[in-house]
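Single-structure report; data block below.
The values are calculated or read from the model by the stated rules, or taken from the named source; none is laboratory data. It should be emphasised that the depicted structure is a prediction, and the values quoted were computed from it without experimental measurement. So basically every Cβ, Gly included, is an ideal-geometry build from the backbone, and we count neighbours across all protein chains shown.
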Amino acid sequence: MWVMIRYAAAVLHSFEIVFFRNFLGLLFLAPMLLGTPGLIQRAKLPLHLRRATSGFVATMGTFYAVANAPLADVLAINYTAPLFGTLGAVLMLGERIRARRIAALAVGFVGMLLVLRPGAVPITPGIIAAIISAITTGYSIVAMRSLVGVDDARAVAAWTFILTTLPSLAVALFVWVTPPLSVWPLLAGIGAAAAVGQLTLTRAFSLSEASAVLPLDFVRFGLVTAAGIGLFDERYDALTLAGGALILGSTIYLAVREAQLKRGGDPG
């Protein structure tokens with residue numbers, strides 16, 4: 001999806017691409033929604049609004065960053081979302097953490113500093129958008145906790161598209177350009193990838209602990225980095241890749257500690 005966003009952004013503004021991501025993604029989910037009466041329950045709307053609001057800002061930030069910043073840098077920053085989520089749980093939910101999880105947070109943020117290197121690497125609007133996206137995604141992770149075990153994983157994915165399509169259209173109208181025919185396959189691909197990605201991710205987290213799911217995200221880091229180098233002639237130094245590895249490692253460690261906490265182990 002990120003590769004298709006980058007190509008589509010050569011013709012359309014990233015905010016317009018977000019609208020087509022939401023609208024076409026909802027169309028791809030329509031057969032499932034029509035074939036499963038009662039899946040979407042209006043009584044549960046308030047539970048989904050908070051996540052959809054933060055998810056809307058996060059998607060806007062991610063798409064703008066992917067269109068305007070090096071892909072591996074954006075992904076490395078994107079990996080800090082669980083770190084912000086853990087920090088948000090402490091600040092907003094009053095959760096207690098001990099030394100080892102604090103250390104994991106510190107390592108993750110050191111990794112982000114290696115990627116950003118303030119003062120040595122330009123902090124462009126694309127990088128700022130990636131940081132905003134990571135923070136709001138972290139908040140969305142906190143909001144997601146209120147949905148665990150409350151609603152069907154398919155409904156959780158569908159609500160995201162339902163609640164963000166019209167707001168994203170309102171924003172897209174300010175930068176609207178009629179998409180040429182050549183871009184429609186990319187937009188359709190983005191919508192399909194978003195729908196499949198949301199469905200499979202929510203399903204994965206409903207079936208397995210995050211500690212089992214998150215390590216597989218390393219595949220995405222490799223694919224996105226390779227795409228940046230092979231398709232868009234981007235170049236990354238060792239510090240950027242090391243920072244990405246530190247961030248990913250700390251998020252996996254936090255997921256493992258969270259799983260131990262749920263099983264009644266030491267929550268440190």
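How many residues, within region 227-247, are β-branched (Val, Ile, Thr) and crowded, with 16+ Cβ neighbours inside 10 Å?
If we filter region 227-247 for residues that are β-branched (Val, Ile, Thr), which is where we start, we get 229, 240, 247.
When the remaining residues are screened for being crowded, with 16+ Cβ neighbours inside 10 Å, the result is 240, 247.
Residues that pass the stated criteria total 2.
Given the condition farther than 30 Å from Ala106 by Cβ and touching a residue at least 24 places away in the same chain (Cβ under 8 Å), answer yes or no: does some residue in region 66-77 qualify?
Going residue by residue through region 66-77, those that are farther than 30 Å from Ala106 by Cβ are 67.
Applying the additional criterion that residues be touching a residue at least 24 places away in the same chain (Cβ under 8 Å) yields 67.
Yes.
Give the residues of region 54-79 that are in contact with a Pro (Cβ under 9 Å, 6 or more places away or on another chain) and not in a helix (DSSP H, G or I), sorted by residue number.
Matches in region 54-79: Ala69 only.
Counting just the residues of region 40-61 that are over 13 Å from Ala130 (Cα atoms) and among the hydroxyl-bearing types (Ser, Thr, Tyr), which one comes out surrounded by the most Cβ atoms within 10 Å (Cβ to Cβ)?
Here the residue is Ser54.
If only one of Ser206, Ser211 is modelled with pLDDT under 80, among the hydroxyl-bearing types (Ser, Thr, Tyr) and within 19 Å of Arg101 (Cβ to Cβ), which one is it?
Working: Ser206 fails: within 19 Å of Arg101 (Cβ to Cβ).
It is Ser211.
Name the residue, out of Leu173, Leu201, Leu187, that is part of a helix (DSSP H, G or I), closer than 27 Å to Gln41 by Cα and either at pLDDT 75 or above or not hydrophobic (A, V, I, L, M, F, W, C) (or both). Before the answer, list the steps.
Numbers: Leu173 fails: closer than 27 Å to Gln41 by Cα; Leu187 fails: closer than 27 Å to Gln41 by Cα.
After applying the criteria, what remains is Leu201.
Take Ile5 and tell me if it is among the hydrophobic types (A, V, I, L, M, F, W, C), out of contact with any Phe, Trp or Tyr (no Cβ under 7 Å at 6 or more places or on another chain) and part of a helix (DSSP H, G or I). Please lay out each step first, then the result.
Values: among the hydrophobic types (A, V, I, L, M, F, W, C): yes; out of contact with any Phe, Trp or Tyr (no Cβ under 7 Å at 6 or more places or on another chain): no; part of a helix (DSSP H, G or I): yes.
It is false that Ile5 is among the hydrophobic types (A, V, I, L, M, F, W, C), out of contact with any Phe, Trp or Tyr (no Cβ under 7 Å at 6 or more places or on another chain) and part of a helix (DSSP H, G or I).
Which residue is farthest from the chain's Cα centre (by Cα), if the candidates are limited to region 214-226 and must be at pLDDT 80 or above and surrounded by 15 or more Cβ atoms within 10 Å (Cβ to Cβ)?
Thr225
Give me a count of the residues in region 170-181 that are touching a residue at least 40 places away in the same chain (Cβ under 8 Å) and either closer than 16 Å to Asn22 by Cβ or not β-branched (Val, Ile, Thr) (or both). I'd like the intermediate steps shown before the answer.
Going residue by residue through region 170-181, those that are touching a residue at least 40 places away in the same chain (Cβ under 8 Å) are 171-172, 174-177, 179-180.
Filter once more, keeping what is either closer than 16 Å to Asn22 by Cβ or not β-branched (Val, Ile, Thr) (or both): 171-172, 174-176, 179-180.
Of the residues in that region, 7 qualify.
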